[in-house]
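S.K.: Pasting in a structure now, in structure tokens, and then I'll have a few things to ask.
The values are calculated or read from the model by the stated rules, or taken from the named source; none is laboratory data. The model shown is predicted, which means the values in this text are computed figures rather than measured ones. Cβ atoms come from the backbone with ideal geometry, glycine included; neighbour counts cover every protein chain shown.
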Amino acid sequence: MSKTKPNNRFSLQRAHASIFALAIAASLVGCAEEAVVEEVQDLRPPVMVAHVESRDVIDRIKATGQFTAKAEATIAAQVNGQVTDLLVREGSAVATGDVLLVIDPERRALEVANAKAQVAEAGAELAVARRNYQRTQSLSKGNAASEARLDEDRTRQLLRRSAKSGAKARLGLAERALADSTVRAPFDGLIARRHVSVGEYLTAGTALFDLVALDPVEVEFTLAEVDSSKVKLGHPVEVSIAPYPDETFKAQVSTISPTIDPRTRTLRVKAELPNPDGRIRPGLFAHVDLGVRKRAAAVVVPQDAVIERADGAVVFRLASSERVERITVVTGVLGEGWIEVKEGLNHGDIVVVRGQDRLDDGVMVSVRQADGQPASPSAVASSGAPQTSESPQ
């Protein structure tokens, strides 16, 4: 009996040692598995995400253009002659019918008098020819005049009648030249430039003045083909210009081109606005804003979520808490820090906003918080809940 007890004690110690060794081995295996999991997670691309939001957006069309005069003309001389009188200066305001310049009216008056004398002479010759023809016609009835004489007098009468018609036409031209020697304003406006001086000899077609009307004025701009259906005649337009940065001018669309420019794929549009004080000058650069319509609850995402690829605009959406899918989207209105998504996403979707450069369809990702720490699935689902707000006007 004295030899059995030491053997039992030794066996018990060995059993305790084995259990301890197994516990240590299990602990080491567990640590190894955790290390492997952490290492696998570290290999996943880190990303930050945000929820798709809802906003009330305005389809706002903006364009650039320039102001033009609604009426603008270069007035030219209609007759030859010397400038005998100049009645306006550059910058002068004129009304329709005001006399601007006179071109040798005395000469034109003499031409009119000469033309009238020619008409009178042609009339007298026609009267003589008519009497001769009537006399010959009476004689021919009694066989006292030949048919040849009758035909000759008839032809002479026709020639004299034509001569009188020609003299009347020349009189009309002379009277027109007399009227044209006095140059008048064709519409209300300002003399933008004077090209001639008193005493200068002019030929027909010589430029005399540049006349421009400043009230109202028009702003001319172009719209992209995609926006061509969103503007109508009478549509209100807001215009801003550099000389008056604190003011916004109201205008209305007055002209819409019936065709799209095939080279630029743009539509030419004009808007008219009053300019009673003449502050707005043709040639000024203009920023045009057409707020078209308001749409409620539009799908929007942070602007950083959308990346441009060869096949268009792309976002990466969380298909699960750890896997992303590549979505091609159609974008719309662009705001400050956000962009509308017309097609491809729904309210409540979660999209990647940081780390997309290393992503592809179906890739496993590691969702991180703003401080870089891993985000739990519950935190991902609750963060950035959809909101409804109105976009800035």
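S.K.: Just checking, which of Ala192, Ala163 is out of contact with any His (no Cβ under 9 Å at 6 or more places or on another chain) and either among the acidic types (Asp, Glu) or not assigned by TED's automatic domain parsing to the domain that holds Val119 (or both)?
M.R.: Numbers: Ala163 fails: either among the acidic types (Asp, Glu) or not assigned by TED's automatic domain parsing to the domain that holds Val119 (or both).
Testing whether each residue is out of contact with any His (no Cβ under 9 Å at 6 or more places or on another chain) and either among the acidic types (Asp, Glu) or not assigned by TED's automatic domain parsing to the domain that holds Val119 (or both) leaves just Ala192.
S.K.: Among the residues of the range 130-139, is any crowded, with 19+ Cβ neighbours inside 10 Å, modelled with pLDDT of 90 or more and either outside any strand (DSSP E or B) or not aliphatic (A, V, I, L, M) (or both)?
M.R.: The answer is no, given that none of the residues of the range 130-139 is crowded, with 19+ Cβ neighbours inside 10 Å, modelled with pLDDT of 90 or more and either outside any strand (DSSP E or B) or not aliphatic (A, V, I, L, M) (or both).
S.K.: Now a separate question. Spot the failing condition for Val315; the list is (1) among the β-branched types (Val, Ile, Thr); (2) over 28 Å from Gln66 (Cβ atoms); (3) touching a Leu at 6+ places or on another chain (Cβ under 6 Å), and only one is missed.
M.R.: For Val315, the failing item is (3).
S.K.: From the set of residues in the range 110-129 that are surrounded by 14 or more Cβ atoms within 10 Å (Cβ to Cβ) and in contact (Cβ under 8 Å) with a residue 60 or more places away in the chain, which is nearest to Ala167 (Cα to Cα)? Please lay out each step first, then the result.
M.R.: Looking only at the range 110-129, we keep the residues that are surrounded by 14 or more Cβ atoms within 10 Å (Cβ to Cβ), and these are 111-112, 115-116, 118-119, 122-123, 125-126, 129.
Cutting the leftovers down to in contact (Cβ under 8 Å) with a residue 60 or more places away in the chain gives us 111-112, 115.
Working: Glu111: 12, Val112: 11, Ala115: 7 Å.
Per the criteria, the residue is Ala115.
S.K.: Step by step: first the residues of the range 307-335, then only those that are in a loop (DSSP other than H, G, I, E, B) and aliphatic (A, V, I, L, M), then the one that is farthest from the chain's Cα centre (by Cα). Which residue is that?
M.R.: If we filter the range 307-335 for residues that are in a loop (DSSP other than H, G, I, E, B), which is where we start, we get 310-311, 319-322, 335.
Remaining after also requiring aliphatic (A, V, I, L, M): 310, 319.
On the way: Ala310: 28, Ala319: 41 Å.
Among them, the one singled out is Ala319.
S.K.: Turning to a different aspect of this structure: I'm checking my understanding of the structure. Among residues of the range 284-299 that are among the small types (Gly, Ala, Ser) and touching a Lys or Arg at 6+ places or on another chain (Cβ under 7 Å), which one is nearest to Glu238 (Cα to Cα)?
M.R.: From the range 284-299, those among the small types (Gly, Ala, Ser) are 286, 291, 296-298; that's our starting set.
With the extra rule that they be touching a Lys or Arg at 6+ places or on another chain (Cβ under 7 Å), the set shrinks to 291, 298.
Values: Gly291: 9, Ala298: 25 Å.
Per the stated criteria, the residue is Gly291.
S.K.: Can I ask one more? Does Asn114 satisfy being under 60 Å from the mean Cα position of the chain (by Cα), over 30 Å from Arg194 (Cβ atoms) and assigned to a helix (DSSP H, G or I)? Steps first, please.
M.R.: Working: under 60 Å from the mean Cα position of the chain (by Cα): yes; over 30 Å from Arg194 (Cβ atoms): yes; assigned to a helix (DSSP H, G or I): yes.
Criteria met by Asn114.
So that you can scan it fast, the table gives a plain yes or no per residue for (1) of a type in the set (Lys, Arg); (2) at pLDDT 80 or above; (3) on the phi > 0 side of the Ramachandran plot:
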| residue | (1), (2), (3) |
| --- | --- |
| Asp289 | no, yes, no |
| Val301 | no, yes, no |
| Thr328 | no, yes, no |
| Gly348 | no, yes, yes |
| Ser366 | no, yes, no |
| Ala375 | no, no, no |
| Ala381 | no, no, no |
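S.K.: Check Ser229 against each of (1) among the hydroxyl-bearing types (Ser, Thr, Tyr); (2) modelled with pLDDT of 90 or more; (3) outside any strand (DSSP E or B) and name the one condition it does not meet.
M.R.: Evaluating Ser229 over (1) among the hydroxyl-bearing types (Ser, Thr, Tyr); (2) modelled with pLDDT of 90 or more; (3) outside any strand (DSSP E or B) leaves (2) as the failure.
S.K.: Then there is this: Please give the number of the condition Arg193 fails out of (1) loosely packed, with under 13 Cβ neighbours inside 10 Å; (2) in a strand (DSSP E or B); (3) basic (Lys, Arg).
M.R.: (1) is the only condition that Arg193 fails.
S.K.: Residue check: is Ala163 in a helix (DSSP H, G or I), among the hydrophobic types (A, V, I, L, M, F, W, C), out of contact with any Phe, Trp or Tyr (no Cβ under 7 Å at 6 or more places or on another chain) and within 30 Å of Arg107 (Cβ to Cβ)?
M.R.: Values: in a helix (DSSP H, G or I): yes; among the hydrophobic types (A, V, I, L, M, F, W, C): yes; out of contact with any Phe, Trp or Tyr (no Cβ under 7 Å at 6 or more places or on another chain): yes; within 30 Å of Arg107 (Cβ to Cβ): yes.
Yes, satisfied.
S.K.: Go through (1) of a type outside the set (Phe, Trp, Tyr); (2) at pLDDT below 90; (3) surrounded by 10 or more Cβ atoms within 10 Å (Cβ to Cβ) and name the single condition Leu43 misses.
M.R.: Among (1) of a type outside the set (Phe, Trp, Tyr); (2) at pLDDT below 90; (3) surrounded by 10 or more Cβ atoms within 10 Å (Cβ to Cβ), the lone unmet condition for Leu43 is (3).
S.K.: Any idea which of (1) touching a His at 6+ places or on another chain (Cβ under 6 Å); (2) loosely packed, with under 11 Cβ neighbours inside 10 Å is the one Val253 doesn't satisfy?
M.R.: If we test Val253 against (1) touching a His at 6+ places or on another chain (Cβ under 6 Å); (2) loosely packed, with under 11 Cβ neighbours inside 10 Å, just (2) comes out false.
S.K.: If you scan the range 327-355, which residues turn out to be touching a residue at least 60 places away in the same chain (Cβ under 8 Å), in contact with a Ser or Thr (Cβ under 7 Å, 6 or more places away or on another chain) and of a type in the set (Gly, Ala, Ser)?
M.R.: If the condition is that a residue be touching a residue at least 60 places away in the same chain (Cβ under 8 Å), in contact with a Ser or Thr (Cβ under 7 Å, 6 or more places away or on another chain) and of a type in the set (Gly, Ala, Ser), then Gly335 is the only one that fits.
S.K.: Follow-up. Tell me which residues, restricted to the range 226-242, are surrounded by fewer than 13 Cβ atoms within 10 Å (Cβ to Cβ) and farther than 23 Å from Ala71 by Cα. Spell out the reasoning first.
M.R.: Restricting attention to the range 226-242, the residues satisfying the condition of being surrounded by fewer than 13 Cβ atoms within 10 Å (Cβ to Cβ) are 226, 229, 232-234, 236, 242.
Listed by number, the residues that qualify are Val226, Ser229, Ala242.
S.K.: Let me ask another. Does Leu211 satisfy the condition of being in contact with a helix residue (DSSP H, G or I) (Cβ under 9 Å, 6 or more places away or on another chain), buried (at least 17 other Cβ atoms within 10 Å of the Cβ) and not charged (D, E, K, R)?
M.R.: no
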